[in-house]
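J.: Shown below is the structure under consideration.
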Amino acid sequence: IKEGLLEIRKQLKVGDPTEFDSFMSAVIDDKAFQRIKNYIEHARISSNIKILGGGEYDDSKGYFIDPTIVKTTNPMDPIMTEEIFGPVLAIYVYKDSDLNSTLKLVGDSTPYALTGAVFSTDK
């Protein structure tokens, strides 16, 4: 999954929303930019998180943030449990033996449970 996900991420164009090949454009304002940037910086300095792809941002002309994929070893890290509302995807790789507790995490670790998914090759 990781290699395919990273390959697709590389193909996503961040640019002018009037250009049809743009996947996404800038985030809405400076407040959103700073908030999302703080999550990325948290990922940079955390010993539990590795940035797999992206992690770049630029506010010199608009508030652009590259789609960013991070992997954490701590499913309770804020990057996993807080709603970011920006182009940051956090991944936690669970042990097969921990499937049931991981499913519980998906439903219970955030107040709104707006996003979350479990990928598996076995039902």
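The values are calculated or read from the model by the stated rules, or taken from the named source; none is laboratory data. Only a predicted model underlies this, so the values are computations on that prediction, with no experimental measurement involved. Reconstructed Cβ throughout: ideal geometry from the backbone, glycine too, with neighbour counts over all protein chains shown. These accessible areas exclude ligands, DNA and RNA; they are computed on the full protein's heavy atoms, side chains included. Shrake-Rupley method; radii C 1.70, N 1.55, O 1.52, S 1.80 Å.
J.: Answer yes or no as to whether GLY86 is within 28 Å of ILE28 (Cα to Cα), surrounded by fewer than 18 Cβ atoms within 10 Å (Cβ to Cβ) and in contact with a helix residue (DSSP H, G or I) (Cβ under 7 Å, 6 or more places away or on another chain).
T.: no
J.: OK, next. Of all the residues that make up the stretch 90-106, how many are open to solvent by 60 Å² or more (accessible area, probe 1.4 Å) and within 21 Å of the chain's Cα centre (by Cα)?
T.: Total satisfying the criteria: 5.
J.: Here's another thing I want to ask about it. Identify the single condition in (1) of a type outside the set (Gly, Ala, Ser); (2) farther than 19 Å from GLY4 by Cα; (3) surrounded by fewer than 18 Cβ atoms within 10 Å (Cβ to Cβ) that ILE51 does not satisfy, given that it satisfies every other one.
T.: Checking ILE51 against (1) of a type outside the set (Gly, Ala, Ser); (2) farther than 19 Å from GLY4 by Cα; (3) surrounded by fewer than 18 Cβ atoms within 10 Å (Cβ to Cβ), the one that fails is (2).
J.: If MET76 satisfies every condition in (1) free of Cβ contacts under 8 Å to residues at least 24 places away in the same chain; (2) open to solvent by 60 Å² or more (accessible area, probe 1.4 Å) but one, which is the exception?
T.: (1)
J.: Additional query: I need a count of the residues in the stretch 41-89 that are more than 27 Å from SER22 (Cα to Cα) and touching a Gly at 6+ places or on another chain (Cβ under 7 Å).
T.: 0
J.: Name the residues in the stretch 18-47 that are more than 25 Å from VAL118 (Cα to Cα), surrounded by 10 or more Cβ atoms within 10 Å (Cβ to Cβ) and not charged (D, E, K, R), would you?
T.: Selection gives SER22, SER25, ALA26, VAL27, ILE28, ALA32, PHE33, GLN34, ASN38.
J.: Please indicate, with yes or no, whether at least one residue in the stretch 9-16 is farther than 30 Å from ASP122 by Cα, of a type in the set (A, V, I, L, M) and either in contact (Cβ under 8 Å) with a residue 60 or more places away in the chain or open to solvent by 30 Å² or more (accessible area, probe 1.4 Å) (or both).
T.: The answer is yes, given that some residue of the stretch 9-16 is farther than 30 Å from ASP122 by Cα, of a type in the set (A, V, I, L, M) and either in contact (Cβ under 8 Å) with a residue 60 or more places away in the chain or open to solvent by 30 Å² or more (accessible area, probe 1.4 Å) (or both).
J.: Another question, if that's okay. When only residues in the stretch 107-117 that are of a type in the set (A, V, I, L, M) and free of Cβ contacts under 8 Å to residues at least 24 places away in the same chain count, which is surrounded by the most Cβ atoms within 10 Å (Cβ to Cβ)?
T.: Step by step, filter the stretch 107-117, then rank; the result is ALA113.
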